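Participant: Sharing a structure, written as C-alpha cells. Questions coming.
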Amino acid sequence: MRIRTVITLPAVVALALPASAGVATASTAAAPQACREHSLTVAARASDQPDAVRISIRNHSRHACVVDGIPTVVFGDLDGAALPVPDGTSAPYRVAAGGTAYAAVRTLDPASTELRVVDRLTVAGDPAHRGRTFGAAALDAPGGIRVWEPVTTRWHRSAASADAVLARHTD
C-alpha cells in the first residue's frame, strides 16, 4: 500500500515568493505586454493655449498594454524630441483595453527669444514605434509650428490632467 502526502500552502505564502524563484506571482502574471503600434490610434490637435498641442493614444485592442510613460514627440527635421515635464525618468504606462491616454505638448518656450518653424510634428506612443505625422495645417498652424525647447507631459488619464501639468510648468 502506498501513502501519498499532500502539502497545502496558503495562497499568501505562494504570492510572497520572489519572481526569481520560478513561481508566477500575482504581479508578474498580470503584467501587460508592450503595446503594438498597430493596436494604438495616435491623435493630435491644437490646444486652446498658444503654441500647445494635445496628443492622445487609444488602445483599440482587447487587452491592456504598456507604453513608455513619456510620449515621443519630434518636430519636422529638427534633432531631438520634446523633453518631459516634470523632469525625471520614465516608467511604463498602462493603457487599458479600449482606453485612452493623454498628454500635452508646449512647442515654444514662452521666454524664448529664438525659434524655428517646422511644417509637421510626429507623435509616437512609445519610442519603439514609428509614430504618426501631423502637418502644421492640421494643428491649426498654417504658417508652421513654432518650436524652441519643446516639452511634453507624461501620459495621463485625462486631457484636463495633462493640461494642468503643462500649465504648472509654463513660466
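The values are calculated or read from the model by the stated rules, or taken from the named source; none is laboratory data. Given the structure is predicted, the values throughout are model-derived calculations rather than measurements. Ideal geometry is used to build each Cβ from the backbone, glycine not excepted, and the neighbour counts take in all protein chains shown. When the accessible area is computed, the model is the full protein with side chains, heavy atoms only, and any ligands, DNA or RNA have been set aside. Shrake-Rupley method; radii C 1.70, N 1.55, O 1.52, S 1.80 Å.
Participant: Rolling a 1.4 Å sphere over the protein heavy atoms, what is the accessible area per residue of segment 87-157, to the nearest Å²? Can you show the working numbers first?
Facilitator: Details: 3840 Å² over 71 residues.
About 54 Å² of surface per residue is accessible.
Participant: What are the ³J(HN,Hα) couplings of segment 138-146, residue after residue, when phi is run through the Karplus curve with 6.51, -1.76, 1.60 and θ = phi - 60°? Round to Hz, x for glycine and proline.
Facilitator: Working through the residues one at a time gives 5, 9, 6, 10, x, x, x, 8, 7 Hz.
Participant: Here is a further query. Just to be sure I understand: of the beta bridges DSSP finds with both ends in segment 98-171, what percent are antiparallel, rounded to 5? Mind showing how you got there, number by number?
Facilitator: On the way: 10 of 11 bridges.
Antiparallel bridges: around 90 percent, rounded to the nearest 5.
Participant: What full-extension length gain, to one decimal in nm, is calculated for Asp119 and Arg45 as 0.36 nm per residue of separation minus the Cα-Cα distance?
Facilitator: Numbers: separation 74, 0.36 × 74 = 26.64 nm, distance 1.45 nm.
Between Asp119 and Arg45, full extension yields 25.2 nm more.
Participant: Separation between the Ala97 and Arg130 pseudo-spin-labels, each 7 Å from Cα along Cα→Cβ, expressed in nm?
Facilitator: Output for this residue pair reads 2.8 nm.
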